[in-house]
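Structure first, then comments.
The values are calculated or read from the model by the stated rules, or taken from the named source; none is laboratory data. Because the structure is a prediction, the values reported are computed rather than measured. Ligands, DNA and RNA are excluded from the accessible area calculation, which covers all protein heavy atoms including side chains. Shrake-Rupley method; radii C 1.70, N 1.55, O 1.52, S 1.80 Å.
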Amino acid sequence: MIASVTGEVQFVGATLAVVEVSGFGVEVHASPHTLAGLRVGSTTRLHTAYIARKDESPLLFGFSRADEKEVFTVMLGVSGVGPRTALAAVSVLGPDDARRAIAAGDDKAFTAVPGIGPKSARRIVLELADKLVLPEPPPAQGAQPQMQVWREQVVDALTGLGWSEKDATRGIDDALQTQPELADSGNVAEILRAVLSWLGTSKGTSHARTGGR
């Protein structure tokens, strides 16, 4: 199986490109999105799917993105869906919208693809329900730094009121055990009020300042 090709682009047409690989011009069928990113004379790397056909010449399909290739190859497993139709689905919907349509059971989305009628669309959604799923969202970037920002601000406010940094940190942890939603909100003012209420505002502050702790 030819999983990818890398070489100089020799030709770009409406439905295919020719990429020179080790002295050979390899004909690669591709979507308009992939072809639009190719330039004659430049070097490219395409993810490819090799399709053997009975009594006909084999075809090589190329994709600029690995997830386009995945949607294409998985769709070929659906009865009645050939490589041209699968490529059309990738071209019209794109991998993300195809996954969303399958996850939502939206067979009408696939009827927008040339060559796919209502019956074929329903079959695609049913057969690919557990094969093409939406990826898990990545963990939120910056969540930990954001928590550190509000924590530092609350600690600074408490030490400014006379609490030691150790007691301030412990007070934050203790107070938010019963109100974890405040920690998620990152609202400095509300968190500070909750911690002061926990510590005992005036009495605790006066005690800390006089060194009674």
Under a 1.4 Å probe, counting only protein heavy atoms, THR44 has an accessible area in Å², nearest 10, of 20
Filtered hits (aspartates and glutamates, Cα-Cα < 16 Å from LYS166, offset >= 8 within chain) -> GLU152, ASP156, ASP174
As straight-line cross-link partners of LYS119, the qualifying lysines (C-alpha separation under 21 Å, not fewer than 8 residues apart within one chain) are LYS108, LYS131
Between (1) 16; (2) 48; (3) 31, the structure-derived percent of Cα pairs over 33 Å apart is (2)
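Antiparallel as a % of all DSSP beta bridges within the range 4-63, to the nearest 5?
On the way: 21 of 23 bridges.
Here the share of antiparallel DSSP bridges comes out near 90 percent.
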Nearest 10, in degrees from 0 to 90: the angle of helix 165-177 to the longest Cα principal axis of the chain is 60
Residue-normalised value, i.e. accessible area per residue, for the range 146-202 at 1.4 Å probe, in Å², stands at 57
Relative to the chain, whose Cα atoms define the longest principal axis, helix 118-127 and its Cα axis are tilted in degrees, nearest 10, by 50
Listed by chain and number, the lysines with an alpha carbon less than 17 angstrom from that of LYS54, same-chain partners under 8 positions apart left out, are none
The distance between the Cα centres of the range 8-75 and the range 77-91, in whole Å, is 16
Quick calc of log₁₀ I(q)/I(0), the range 66-129, Debye, one scatterer on every Cα, no solvent, q values 0.24 1/Å, result -0.95
In degrees, nearest 10, the alpha-carbon axis of helix 188-199 is tilted away from the dominant principal axis of the alpha carbons of the chain by 40
